[in-house]
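Q: Dropping the structure in here first, questions after.
The values are calculated or read from the model by the stated rules, or taken from the named source; none is laboratory data. None of the values given here were measured: they were computed from a predicted structure. Glycine also receives a Cβ, built like all others from the backbone with ideal geometry; neighbour counts cover every protein chain displayed. Ligands, DNA and RNA are stripped out before the accessible areas are found, and what is left, the full protein with its side chains, is counted by its heavy atoms. Shrake-Rupley method; radii C 1.70, N 1.55, O 1.52, S 1.80 Å.
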Amino acid sequence: MKPFRYDRATSPAAAVAAVAADPQASYLAGGTNLVDHLRLGLTEPGLLVDVGGLPLHEIEELPDGGLRIGAGVANSDLAADRRVRERYPVLSVALLSGASGQLRNLATTGGNLLQRTRCGYFQDVTEPCNKRAPGSGCAALGGWNRYHAILGASSHCIAVHPSDLAVALTALDARVRVLGVDGERAIPIDDFYRLPGDEPQRDTVLEHGDLITAVDLPPLPVARNSGYRKVRDRASYAFALVSVAAAIRIEDGTVADVRIALGGVAHRPWRAHTAEQALHGAPSTVEGYAAAAARELSAADPLPGNAFKVPLARSVLTSVLTQLAEEAR
Amino acid sequence: MTEPVTVRSIGTDLVRRDAWAKVTGTAPYAVEHPVRPRAYLYPVQATVPRGTVTAMDTAAAEAVDGVLAVLTHRNAPRLADTSDAELAVLQSPAVGFAGQFVAAVVAEHPEIARQAAGLVRVEYDRMAHDAQLDPDSSELYAPDSVNPSYPTDTLDGDPDAALAAAAVQVRQTYRTAMYHNNPMEPHASYAHWDSDGLTVYDSTQGVHVVRSVLARTFGIDAERVRVICPYVGGGFGSKGTVHAHAVLAALAARALPGRWVRVVLTRQQMFCLAGYRTPTIQRVGLGADRSGRLTALTMDVVEQTSRIKEFAEQSGMPARTMYAAGTRRTTHRLAALDVPVPSWMRAPGECPGMFGPEVAMDELAVACDLDPIELRIRNEPDRDPDSGLPFSSRNLVGCLREGADRFGWHDRDPRPRRMVDGWLVGSGVAASTYPVNQMPGATATIRYADEHYTVSIGAADLGTGAWTILGQIAADALQVPVEQVRMRIGDTAFPYASVAGGSSGTTCWGGAIVAAARAFRSRYGDRPGDGAEAEGTLPDNPERKHWAMHAFGAQFAEVRVRPDSGEIRVARLLGVFACGRIVNPRTARSQFVGGMTMGLSMALHEDSVLDPRSGRVVNHDLAQYHIASCADAPSVQAYWLDEHDPYVNPMGSKGIGEIGIVGTAAAVANAAWHATGVRVRELPITCDKLLG
Ligand SMILES: Cc1cc2nc3c(=O)[nH]c(=O)nc-3n(C[C@H](O)[C@H](O)[C@H](O)COP(=O)(O)OP(=O)(O)OC[C@H]3O[C@@H](n4cnc5c(N)ncnc54)[C@H](O)[C@@H]3O)c2cc1C
Ligand code: SF4
């Protein structure tokens, strides 16, 4: 752990200016991930810019009927919001399945999206890890990889993104609002996260200095019939082995609209485009859901340590869709 | 017979004397004592599993403002005794496992110490290492004895022949994982040297153990070492022996006379420096006739120890005592690996050693088409098969029967895969046992003043309730109300107490207190004057030569498994125990329930993943090393039989701290089979093993 300076940002623009100007600077929100990393020596910023005091704590209605979630909204407040629970239940359930009550009180929307992988080797500076120390190798490949990726991984990194919130947001087509030195932009969440490729040190498309200000949810009637299922190694307080966020609308026995994202399977929340395409307009049957799940997972390339995730993801995805379809009737 | 105490307070559920202090956070743990002036130590740990330190650059660390000293094997004070390689801290450049101390920084602030420790550069000559437990390795060896001093192997008749000839045979291999104790309070010490000697505030299960080990290690008289530990935030065995950090604290304090040097292990460091339970591989053979009577029982265990120091877990022990069998063999073989030093963890031996045999008994019950409770009853021995002695009391059958009633076992359909509300539901049973241990030498003093009896003994309360129940024992031994007794424990300034281990505290310390009370009354009668004082030492118990002394229990589990994911939850755990007289139902229940919950955690969650390439535990924090959460243990119930055993000690009590964890994992595994039809023989039972 190395000494660092600490500043409280007075405005979003000032925060961006401060961090962009200093390659050793980092934003600090709830600190539930970053402070651990400081202690473990995974990151050694020279300056922490605390964004906790910025006016980013509101959940607002958007003119189009969507919601804008400030980057500073606590995970527990977001999960409890009545509008979220009615219009986007998947989001609330996903949040409540993560971490613990105490952590959710501190953790913020922005920090949650940018939390880093829980790969055990990433979190141990004595181990080779391309994500933490590019070019040093990947200890997980030949090591303990029960929690690691079965989809979209590379020979450089097989880590998974740990956020439950991000999986729900991916199913909901959320847009991440970002303030950078060149002004504000909105990034569809499906373009926000990266696959590891040969640059696993980059989790997202953000540049140094980019500040998340909010996440926008589109108006999405299908989301009223949505759910989140998280399979984990204990009943609470554990990261996902596999998780499924889904929303579905059935009309006259056929699938009129469906959104699916998987967690715990890839370097990013995994939008199940293949399964969605297979289901659009198809009859709502268990066999149909199973076939769509199988098609999505046919691209899986697991390791011996995590091969069980392929049938697990297939099975749980089938169950979630079947159950949501039943509830849609 | 031992001379029994007439009970009045014993048996009542007195509220814990330390309860208020504990829940308000005012009970001081080791490094919460307000000592001054302080210095803070942060260690540098080896990054190779085996080798030699060839170069060390401490200049950058020394240059940091606020650094008081950087200790390495080159400049650290010499120890008088380095025969215990775990404790020979900074005495040589040799590295015996990844994570071992190779240097330490002492500074004015903990953050500075940690920062400077990160600046120490160490180079190693790395040697080929072996950190993979392989049951077929040619280098396995038989230790001279197993913990603490039991025979390594036993043989009775020709079990292989009997097994081969048996009408019904079960031969399977069972595995338990590597486990870490993980008490809430980390291992921590404050150490201070001055002309009087060494004073240590330590988090320990035995202040006198720490004193004698530090005195020996530093080559000074035990009288010159004082160890203080009034409260402990859990230990589970990992604080029963002295670990390297306590020596390091004392070493650094010696280099900085007058300063209180603080060492607190981080959670990650606890995974290599505070002991752990070895993984075990258990080859179990059961041979029986068609009615289920055992004709052969074999239990061959392979475990690991560290190359630098041997610890041989006695996992074969319960198989020596549990059941009658025509022939029997138990063996222990060890692999000496380049890994951290294993040590005690709640019920060493009994806990892992009941997993294989009790699952095998379930498999045998299925093979014989017998109820698993009936199978166990049919194999009740009339004497202890190990020692040949009669049992002072043995109520396994009573526990099984009472448990069956309370659990609702009688309606059970033995066929697996019952479905309820979309979940596969099953139930399972297993037996548990734990010996009645007694260690010599515990001594107590009782002094009367101001209408109060002050009882002093260097005992430890790890959260078990010793503060409370020792007062109850003293009150009854003195025949006074418990309010008139003041306890003083946890300090070597008080008389010698044996370690809080082997579930022996109540027997040993309680026995000493009873002896002191009897000496007090015989000298001063019922009307002592102020200042009256007497001492008593735990007497030998001659009955131990004539009786085998063990506690027994029965564990019942109901599990639910989600068919589409294999996720498993323990809906109910219920245990019934026969442990002699229960001194305090409140503290006893919490020991049983805590032990059972830990057993549930072992069954489903706990698993230290040792990477054989690095010799390190990868999941070395509580986010990754899963311990059962509240949601995992919705219903854990403990009951006990009214057991009278006049032979064990004057209180009639048996140890209760460990038996709760014994057998639980087997009960859960047996229930998992009943729910799914899948027999999991390797812990933990995770969803991937059940996903059909
Ligand atoms: C034991 C444990 C269990 C957990 N279990 C789960 C779980 O099951 N599921 C789950 O989803 N999560 C889990 N978490 C993770 C938790 O959700 C995250 O730690 C938390 O959401 C991070 O939010 P924060 O505000 O504390 O972020 P910080 O720790 O403050 O920051 C995290 C990162 O985001 C950056 N950052 C923060 N805000 C912004 C912003 N506005 N713009 C740009 N960058 C920003 C920081 O610079 C930093 O790099 C767990 C955490 C712990 C410790
Ligand atoms: S999987 Fe990724 S994060 Fe983990 S060790 Fe490999 S490179 Fe590092």
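Q: Against the conditions (1) open to solvent by less than 10 Å² (accessible area, probe 1.4 Å); (2) within 16 Å of ligand 1 (Cβ to nearest atom); (3) closer than 27 Å to residue A:302 by Cβ; (4) assigned to a strand (DSSP E or B), where does residue A:215 fall short? Just the number, please.
A: Here residue A:215 clears every test but (3).
Q: Restricting to segment A:110-128, what's the tally of residues that are hydrophobic (A, V, I, L, M, F, W, C) and away from ligand 2 (no atom under 12 Å from the Cβ)?
A: 2
Q: A further question follows. Got a number for residues in segment B:542-571 being more than 14 Å from chain A (Cβ to nearest Cβ) and in contact (Cβ under 8 Å) with a residue 12 or more places away in the chain?
A: 15
Q: Identify, please: which residue in segment A:101-115 is within 7 Å of ligand 1 (Cβ to nearest atom) and open to solvent by 60 Å² or more (accessible area, probe 1.4 Å) and is, among those, nearest to the other protein chains (Cβ to nearest Cβ)?
A: A:106
Matching residues to (1) hydrophobic (A, V, I, L, M, F, W, C); (2) more than 14 Å from chain A (Cβ to nearest Cβ); (3) under 32 Å from the mean Cα position of the chain (by Cα):
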{"site": "B:64", "(1), (2), (3)": "yes, no, no"}
{"site": "B:69", "(1), (2), (3)": "yes, yes, no"}
{"site": "B:83", "(1), (2), (3)": "no, yes, yes"}
{"site": "B:98", "(1), (2), (3)": "yes, no, yes"}
{"site": "B:107", "(1), (2), (3)": "yes, no, no"}
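Q: Looking only at segment A:138-154, filter to residues that are more than 10 Å from ligand 2 (Cβ to nearest atom) and more than 14 Å from chain B (Cβ to nearest Cβ); which one of those is surrounded by the fewest Cβ atoms within 10 Å (Cβ to Cβ)?
A: Looking at the filtered set, the residue picked out is A:152.
Q: So which residues in segment B:640-689 are within 14 Å of chain A (Cβ to nearest Cβ), open to solvent by 10 Å² or more (accessible area, probe 1.4 Å), of a type outside the set (Asp, Glu) and not in a loop (DSSP other than H, G, I, E, B), if there are any at all?
A: B:689
Q: Look at residue A:175 and say whether it is away from ligand 1 (no atom under 11 Å from the Cβ), away from chain B (no Cβ under 12 Å) and over 15 Å from residue A:195 (Cα atoms).
A: Yes.
Q: Given the criterion under 25 Å from residue A:39 (Cα atoms) and open to solvent by 10 Å² or more (accessible area, probe 1.4 Å), identify the matching residue among B:624, B:637.
A: Within the list B:624, B:637, the selection yields B:624.
Q: Would you point out which residue out of B:5, B:23 is open to solvent by 60 Å² or more (accessible area, probe 1.4 Å) and modelled with pLDDT under 95?
A: None of the others qualify; the one that does is B:23.
Q: If I ask for residues that are open to solvent by 70 Å² or more (accessible area, probe 1.4 Å), more than 12 Å from residue A:265 (Cα to Cα) and either within 11 Å of chain B (Cβ to nearest Cβ) or of a type in the set (D, E, K, R) (or both), which ones from segment A:291-322 would you list?
A: Residue satisfying the conditions is A:295 alone.
Q: Moving to a separate point now. Provide a single number: the residues in segment A:229-257 that are within 14 Å of another protein chain (Cβ to nearest Cβ) and either of a type in the set (Phe, Trp, Tyr) or farther than 30 Å from residue B:598 by Cβ (or both).
A: 3
Q: Scan segment A:116-137 for residues that are farther than 15 Å from residue A:166 by Cα, away from chain B (no Cβ under 12 Å) and in contact (Cβ under 8 Å) with a residue 40 or more places away in the chain and jot them down.
A: A:130, A:131, A:132, A:134
Q: Which numbered condition trips up residue A:325, out of (1) in contact with a Phe, Trp or Tyr (Cβ under 9 Å, 6 or more places away or on another chain); (2) assigned to a helix (DSSP H, G or I); (3) within 14 Å of chain B (Cβ to nearest Cβ)?
A: Here residue A:325 clears every test but (3).
Q: May I ask you to verify whether residue A:30 is within 13 Å of ligand 1 (Cβ to nearest atom) and in contact with a Gly (Cβ under 6 Å, 6 or more places away or on another chain)?
A: yes
Q: Within segment A:194-201, does at least one residue satisfy the condition of being surrounded by 24 or more Cβ atoms within 10 Å (Cβ to Cβ) and within 28 Å of residue A:20 (Cβ to Cβ)?
A: yes
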